[in-house]
């Protein structure tokens with residue numbers, strides 16, 4: 001299935017545009033916060049404020065997805081996006097529980113920073129690709145003859 | 001849920017892409033409905049009903 005911008009619905013185009021802005025904002029805020037922390041070595045409340053600042057684009061990303069779900073008129077696609085979000089959420093919850101259990105019982109190692117975000121996006125991507133393969137459509141000529149979809 | 005969407009579409013000589021355009025959904029959605037992987041909501045079922053000029057219960061059977 002080729003990716004064609006012109007064939008995308010209005011809601012999906014808006015999601016991609018807003019999502020790109022939010023991801024750029026995340027990069028800018030994250031790098032700026034890291035730079036600031038590196039230069040000024042803040043401690044206490046200031047460090048907490050900076051950490052909170054980096055969560056704002058993540059919340060904006062979730063809000064962008066929520067807005068997309070409200071705007072998407074294709075209910076089948078909406079259902080697939082919700083399922084992908086559930087897979088992403090499940091992967092993050094499992095990762096956090098796994099990590100928490102290890103720390104609770106004395107593991108002193110550390111994982112890369114913001115690993116949960118990577119887990120969430122990877123799980124969503126894998127779910128999206130899986131659903132795309134599961135729901136691939138036959139060539140229109142075959143569908144015209146009523147030969148059926150790929151189950 | 002079984003349905004007669006494919007049959008009605010083919011009767012009219014429409015492709016899945018044609019029907020998707022009329023319903024303002026993707027071809028993937030039309031295919032999912034035709035193959036019974038996805039049951040449309042009431043608003044979409046009414047849209048199909050108007051498009052094919054049929055009552056909803058003549059297009060969808062609950063299989064009981």
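The values are calculated or read from the model by the stated rules, or taken from the named source; none is laboratory data. Note that this is a predicted model, so its numbers are computed, not measured. As a convention, Cβ positions derive from the backbone with ideal geometry for all residues, glycine included, and neighbour counts pool all protein chains shown.
Would you be able to tell me the number of residues in the range A:69-89 that are under 13 Å from the mean Cα position of the chain (by Cα) and surrounded by 14 or more Cβ atoms within 10 Å (Cβ to Cβ)?
Going through the range A:69-89 one residue at a time, the tally reaches 6.
In the range A:55-64 there is at least one residue that is assigned by TED's automatic domain parsing to the domain that holds residue A:17 and over 13 Å from the mean Cα position of the chain (by Cα).
Quick check: is even one residue across the range A:39-48 in a helix (DSSP H, G or I) and in contact (Cβ under 8 Å) with a residue 12 or more places away in the chain?
First pass over the range A:39-48, keeping only residues in a helix (DSSP H, G or I): A:39-40, A:45-48.
Remaining after also requiring in contact (Cβ under 8 Å) with a residue 12 or more places away in the chain: none.
No, there is no match, as no residue in the range A:39-48 is in a helix (DSSP H, G or I) and in contact (Cβ under 8 Å) with a residue 12 or more places away in the chain.
How do the helices (runs of 4 or more DSSP H) wholly within chain B filter down when requiring 2 or more residues that are over 20 Å from residue A:134 (Cβ atoms): which remain? First the steps, then the outcome.
Values: elements: B:5-11, B:16-23, B:27-34, B:42-52, B:56-59.
Filter on chain B gives B:5-11, B:16-23, B:42-52, B:56-59.
The set of residues in the range A:128-143 that are at pLDDT 60 or above and either farther than 29 Å from residue A:85 by Cα or more than 7 Å from every other protein chain (Cβ to nearest Cβ) (or both) comprises A:128, A:129, A:130, A:131, A:132, A:133, A:134, A:136, A:138, A:139, A:140.
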